[in-house]
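K.L.:
One structure follows; several queries about it will come next.
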Amino acid sequence: QVQLVESGGGLVQTGGSLRLSCAYSGNIRGINVLGWFRQAPGHQRELVATIRDGGSVDYGDSVKGRFTISKDNAKNTVYLQMSSLKPEETADYYCAADPVYLGGTWHSDSWGQGTQVTVSS
């Protein structure tokens with residue numbers, strides 16, 4: 001089992017930046033992919049970015065060019081640097097280990113508790 005704890009959320013103005021952190025622990029040797037997701041009220045959980053063990057990254061179309069995912073293996077932490085934030089990106093942001101897309105939704109055995117990001121207009 002992997003435990004994940006997100007931090008860094010808060011209130012930011014439109015166009016601002018924020019960096020989220022996700023510290024992971026437990027059975028981390030088996031992790032192949034770490035991902036950031038977000039969920040706004042009334043919406044499904046949405047993929048934001050993923051990073052593989054080898055370092056390759058993928059982004060959701062809406063955040064390409066504005067968000068950057070990275071990880072520090074020495075600190076067992078994955079980061080999400082967000083810039084040019086928009087009000088519609090207000091959501092709870094979650095990290096997950098080895099997420100899979102199945103049946104129209106994202107699944108993982110290990111989710112963090114989430115951190116709230118509010119982008120004011």
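The values are calculated or read from the model by the stated rules, or taken from the named source; none is laboratory data. All values derive from a computational prediction rather than experimental measurement. Here the Cβ positions follow ideal geometry from the backbone for every residue, glycine too, while neighbour counts run over all protein chains shown. Note: accessible area is taken over every heavy atom of the protein model, side chains too, but ligands, DNA and RNA are not part of it. Shrake-Rupley method; radii C 1.70, N 1.55, O 1.52, S 1.80 Å.
K.L.:
Which residue, of GLU88, GLU46, is touching a strand residue (DSSP E or B) at 6+ places or on another chain (Cβ under 6 Å) and not polar (S, T, N, Q)?
P.N.:
Within the list GLU88, GLU46, the selection yields GLU46.
K.L.:
Considering only residues that are among the basic types (Lys, Arg) and in contact (Cβ under 8 Å) with a residue 60 or more places away in the chain, which ones fall in the range 23-59?
P.N.:
Of everything in the range 23-59, those that are among the basic types (Lys, Arg) and in contact (Cβ under 8 Å) with a residue 60 or more places away in the chain turn out to be ARG38, ARG45.
K.L.:
Same structure, new question: Give me the residue from the range 70-101 that is of a type in the set (A, V, I, L, M) and more than 16 Å from VAL33 (Cα to Cα) and, out of that set, surrounded by the fewest Cβ atoms within 10 Å (Cβ to Cβ).
P.N.:
Residue satisfying both the conditions and the ranking: ALA74.
K.L.:
Let me ask something else about it. What strands (runs of 3 or more DSSP E) lie completely within the range 23-69 and have 1 or more residues being open to solvent by less than 80 Å² (accessible area, probe 1.4 Å), over 12 Å from ASP98 (Cβ atoms) and among the charged types (D, E, K, R)?
P.N.:
Answer list for the range 23-69: 33-39, 46-52.
K.L.:
Going by the conditions given, is GLN116 closer than 21 Å to GLY10 by Cβ and not in a helix (DSSP H, G or I)?
P.N.:
yes
K.L.:
Within the bounds of the range 6-20, is there any residue that is under 14 Å from the mean Cα position of the chain (by Cα), farther than 12 Å from VAL117 by Cα and modelled with pLDDT of 95 or more?
P.N.:
Within the range 6-20, not a single residue is under 14 Å from the mean Cα position of the chain (by Cα), farther than 12 Å from VAL117 by Cα and modelled with pLDDT of 95 or more.
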